[in-house]
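For reference, the structure is listed below as structure tokens.
The values are calculated or read from the model by the stated rules, or taken from the named source; none is laboratory data. None of these values were measured; they are calculated from a predicted model. Neighbour counts are summed over all protein chains in view; Cβ atoms, including those assigned to glycine, are modelled from backbone coordinates with ideal geometry.
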Amino acid sequence: MVSLLKTRPYGVRIAKYFDFIKGTPAISSLDTKETGGKTLNKQDREPQPPTLAGLALFLGFDSREQFEHYERNGRFRNQLKMGRLMIEAEYEKRLHQQSATGAIFALKSLGWKEPADDTLKKAFPATIHIKVTASGPKIATHEKDVEL
């Protein structure tokens, strides 16, 4: 998807955001034969998860509302929609991890709904009436009530 974005003007900036959040390695000069005196020892900037707010800030928007308004009405709305979809795809990937609670919350805030909630509410009535009926012999309350 990122390569498709790079063919469009605003898409280049969105692709740069996804490159930016990968982090950058720091190079230190340690004497190793494998790398000619340089080796990667740590991240200069740690990788970050993709977020909608992060994308909006990277693109220069002042607020999420401004981003969403431009996404609905702006000249490059298709590229912004694709950027949003790429972020949703990243959250969706996290649903397959052990703890997906954060991803579920993020996807719900992006408009996802759980269809199971609606179908369960329709399947069951609001109130359930329980009627107890007696069957078999009467239960003895005292040993004198028992006949042998």
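Within the range 112-134, restricting attention to residues that are over 30 Å from TYR91 (Cβ atoms) and among the β-branched types (Val, Ile, Thr), the residue that is modelled with the lowest pLDDT is ILE128. Just need a number here: residues in the range 25-63 that are outside any loop (DSSP other than H, G, I, E, B) and at pLDDT 85 or above. Result for the range 25-63: 8. Take GLU71 and decide whether it is part of a helix (DSSP H, G or I), surrounded by 10 or more Cβ atoms within 10 Å (Cβ to Cβ) and modelled with pLDDT of 85 or more. It is true that GLU71 is part of a helix (DSSP H, G or I), surrounded by 10 or more Cβ atoms within 10 Å (Cβ to Cβ) and modelled with pLDDT of 85 or more.
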